[in-house]
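To start, the structure under review is shown below, and the notes come after it.
The values are calculated or read from the model by the stated rules, or taken from the named source; none is laboratory data. Note that the structure is predicted; figures quoted are calculated from it, not measured. All Cβ positions, glycine included, derive from the backbone under ideal geometry; neighbour counts span all protein chains shown.
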Amino acid sequence: DAGVTQSPTHLIKTRGQQVTLRCSPKSGHDTVSWYQQALGQGPQFIFQYYEEEERQRGNFPDRFSGHQFPNYSSELNVNALLLGDSALYLCASSLVLGASYEQYFGPGTRLTVT
Amino acid sequence: AQSVTQPDIHITVSEGASLELRCNYSYGATPYLFWYVQSPGQGLQLLLKYFSGDTLVQGIKGFEAEFKRSQSSFNLRKPSVHWSDAAEYFCAVGASTNAGKSTFGDGTTLTVKP
């Protein structure tokens with residue numbers, strides 16, 4: 001059973017460009033969350049997708065957008081890239097089971113903006 | 001608003017010594033609490049979680065954590081540290097009503113001396 005997978009592993013972009021990151025959730029999971037982890041910090045919640053809709057959003061500008069497909073995979077899009085967008089972007093999938101849940105994280109995509 | 005504080009940015013212990021990593025949280029309802037470990041360049045791996053019940057929870061790799069509601073703490077412990085435990089450790093708090101949206105602390109980096 002493959003866990004959460006993300007692509008690409010690394011990415012280098014120039015300021016002002018746009019980027020798309022991809023995530024496939026763990027088998028059987030229906031919810032995908034995206035996090036940004038800047039160097040030396042903990043992950044910060046960007047948004048969450050469930051049933052192909054954005055359900056929750058963290059404190060990130062509209063330049064950050066996403067999509068979830070019918071097979072539960074997801075994309076994160078960032079427009080008009082800034083130097084400050086350089087970070088590790090983590091995808092996590094989850095499933096509510098009764099009264100508890102767990103998140104499973106992918107290995108992340110390292111985005112460098114120059 | 002929920003928040004997590006990990007007071008120790010960096011901890012160094014000798015191999016075989018005991019370990020305690022501190023975590024304090026702020027949350028308005030019953031918290032779901034997690035500890036994750038992250039090795040360099042990797043995603044996050046769940047060590048253990050607390051939802052309810054016994055306040056002492058056991059996790060993988062010999063780790064345990066104790067939930068203390070009166071102190072708003074969820075400290076991680078291990079009786080005997082191995083060199084392979086060197087990594088960054090993150091405490092997180094999540095909502096019982098939202099599987100996947102968690103707030104993380106900024107992490108504690110653990111160095112293990114031979």
Requested in this report: Scan segment B:63-107 for residues that are of a type in the set (S, T, N, Q), surrounded by 17 or more Cβ atoms within 10 Å (Cβ to Cβ) and facing another protein chain (nearest Cβ under 10 Å) and report the count.
Outcome: 3
Query raised in the report: Is it the case that A:Ala87 is within 9 Å of chain B (Cβ to nearest Cβ), more than 13 Å from A:Gln18 (Cβ to Cβ) and within 14 Å of the chain's Cα centre (by Cα)?
Result: no
Query raised in the report: Any residue at all in segment B:93-104 that is closer than 28 Å to A:Pro25 by Cα, of a type in the set (Ser, Thr, Tyr) and without any contact (Cβ under 8 Å) to a residue 12 or more places away in the chain?
Result: yes
Report task. Return the only residue of B:Ser26, B:Ser3, B:Ser39 being closer than 18 Å to A:Pro43 by Cα, in contact with a strand residue (DSSP E or B) (Cβ under 6 Å, 6 or more places away or on another chain), polar (S, T, N, Q) and more than 14 Å from chain A (Cβ to nearest Cβ). Result -> B:Ser26
Query raised in the report: Wholly within segment B:11-114, which strands (runs of 3 or more DSSP E) include no fewer than the required count, namely at least 3 residues that are touching a helix residue (DSSP H, G or I) at 6+ places or on another chain (Cβ under 7 Å) and either over 20 Å from B:Ala1 (Cβ atoms) or of a type in the set (Ser, Thr, Tyr) (or both)?
Result: none
Query raised in the report: What tally of residues in segment A:1-15 results from selecting those that are within 14 Å of the chain's Cα centre (by Cα) and small (Gly, Ala, Ser)?
Result: 1
Query raised in the report: What single numbered condition from (1) in a loop (DSSP other than H, G, I, E, B); (2) within 26 Å of B:Ser3 (Cα to Cα); (3) touching an Asp or Glu at 6+ places or on another chain (Cβ under 6 Å); (4) not β-branched (Val, Ile, Thr) fails to hold for A:Tyr72?
Result: (2)
Report task. Sort out which residues of segment B:25-38 are surrounded by 13 or more Cβ atoms within 10 Å (Cβ to Cβ) and more than 10 Å from the chain's Cα centre (by Cα), and write them in order of number. Result -> B:Tyr25, B:Ser26, B:Tyr27, B:Pro31, B:Tyr32, B:Gln38
Report task. Go through segment A:19-51 and count every residue that is surrounded by fewer than 20 Cβ atoms within 10 Å (Cβ to Cβ), over 8 Å from the mean Cα position of the chain (by Cα), farther than 20 Å from B:Tyr36 by Cβ and modelled with pLDDT of 95 or more. Result -> 2
